[in-house]
Amino acid sequence: MNALILTSGGLIAAKILSAWLSTGNSVAALWIGSKNPRRFVRRDRALGIAAPSWSTSAMARQYNIPVRRNPKLSTWTKADTAILRLDADVLITAMTYQIVPEKILSQFSGRVVNFHPAVLPYYRGPNPRVGMILDGKADLYGGVTLHCLSRGIDKGDIIGVRKIPYDADRGFIHWEVGLARAAGGLVQTELHLYLNGTLRPCPQPAKAGSYRKVSRNEMTLSDGHSASRTKWLCDQFGVSGRLRLHSQRAKNYAVSHFIRQVGPRTFEAERIDKFTIEFDAADARVRVARRRIWTPLLRVVMYWFAIARTHRSAL
């Protein structure tokens, strides 16, 4: 089978692509959208150096798969023509913010699936992993769901589910690696059976589930957070690259990790240098580390170790 894959990249998408190719299928193209953040692309390329099978860009080069920054699908008048030229018979969406309109869904005659990084019907919507960690529910609803793509956001019939609870002690990167391995397993088993017509998807419960959208404020450090909450946020999300501090200078600074509690509140302005930021939390003065140019490289190293660790545990 020949698939068109819509994705923004990342580990989960990479393992989906790897598993799809390993089962004898082909990929007509990767469409990454016009608004795919360039930091995701840079991170994926850096990971391709250390672990090529965990990088969508590295595998695209290896298998000569065309990669396109496609226009917004809902307004792209020539999208159906572009898809016909690809001669793809399956559409796979994974880790993407692109909304697929009805006219494109109909082109694939039911062979349209999505991989959602949560146990549906819970935590529908964007950023479910961050949302469930913030809510303290990642141990219950952490996982990957393979479902049919429909007009409703993450409401299609479920083909398969793999539960991967979040372990706060091991952290976000270790969890992401586990989710990626689970997604690859879904490709090799449930997706294969579904496309062969031997597995029937199950409808999602009509009145169950939840939708979660993470606001920017939830991932922004401020003087409204206690020192312990500031440390917790840094411990959970610092390595993800999503955490920010909004300074009194009306500028956002990326934060990588918590350094220490300095002392009581000083009621003074924050102190910002090249490497750290010191500011008043709600109950103490704290110091955090700024994200620097080498931080993404450190993250790639952490991914590599997590990949190696989970590989050994799977043996």
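Could you run through the range 54-93 and say how many residues are assigned to a helix (DSSP H, G or I), of a type in the set (Gly, Ala, Ser) and surrounded by 18 or more Cβ atoms within 10 Å (Cβ to Cβ)? Can you show your working first?
Applying the first criterion (assigned to a helix (DSSP H, G or I)) to the range 54-93 yields 54, 56-62, 79-86.
Cutting the leftovers down to of a type in the set (Gly, Ala, Ser) gives us 57-58, 60, 79, 82.
Applying the additional criterion that residues be surrounded by 18 or more Cβ atoms within 10 Å (Cβ to Cβ) yields 57-58, 60, 79.
Of the residues in that region, 4 qualify.
Please pick out the residue among Lys137, Lys213 that is farther than 19 Å from Ser18 by Cα, charged (D, E, K, R) and touching a residue at least 60 places away in the same chain (Cβ under 8 Å). Lay out the reasoning, then the answer.
On the way: Lys137 fails: touching a residue at least 60 places away in the same chain (Cβ under 8 Å).
After ruling out the rest, the residue left standing is Lys213.
Test Ala79 against the criterion of being under 14 Å from Ala94 (Cβ atoms), touching a residue at least 12 places away in the same chain (Cβ under 8 Å) and of a type in the set (Gly, Ala, Ser), and give yes or no. Can you show your working first?
Details: under 14 Å from Ala94 (Cβ atoms): no; touching a residue at least 12 places away in the same chain (Cβ under 8 Å): yes; of a type in the set (Gly, Ala, Ser): yes.
Answer is no for this residue.
Hey, Ala138 hits all of (1) touching a strand residue (DSSP E or B) at 6+ places or on another chain (Cβ under 6 Å); (2) crowded, with 22+ Cβ neighbours inside 10 Å but one; which does it fall short on?
(1)
So in the range 281-307, with the set limited to residues that are at pLDDT 95 or above and charged (D, E, K, R), which one is nearest to the chain's Cα centre (by Cα)?
For the range 281-307, the residue satisfying everything is Arg287.
Please find, among Gln236, Gln204, the residue that is within 25 Å of the chain's Cα centre (by Cα) and assigned to a helix (DSSP H, G or I). So that I can check it myself, show each step before the final result.
Values: Gln204 fails: assigned to a helix (DSSP H, G or I).
Exactly one residue qualifies, and that residue is Gln236.
Kindly check whether there is at least one residue in the range 210-228 that is in contact with an Asp or Glu (Cβ under 6 Å, 6 or more places away or on another chain), among the charged types (D, E, K, R), assigned to a loop (DSSP other than H, G, I, E, B) and more than 20 Å from Lys137 (Cα to Cα).
Within the range 210-228 (the criterion being in contact with an Asp or Glu (Cβ under 6 Å, 6 or more places away or on another chain), among the charged types (D, E, K, R), assigned to a loop (DSSP other than H, G, I, E, B) and more than 20 Å from Lys137 (Cα to Cα)), the answer is yes, since at least one residue qualifies.
This table checks each residue for (1) more than 29 Å from Val90 (Cα to Cα); (2) surrounded by fewer than 14 Cβ atoms within 10 Å (Cβ to Cβ); (3) aliphatic (A, V, I, L, M).
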| residue | (1), (2), (3) |
| --- | --- |
| His192 | no, no, no |
| Leu199 | no, no, yes |
| Ser210 | no, no, no |
| Phe237 | yes, no, no |
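The values are calculated or read from the model by the stated rules, or taken from the named source; none is laboratory data. None of the values given here were measured: they were computed from a predicted structure. We place every Cβ from the backbone using ideal geometry, glycine too, and count neighbours over all the protein chains shown.
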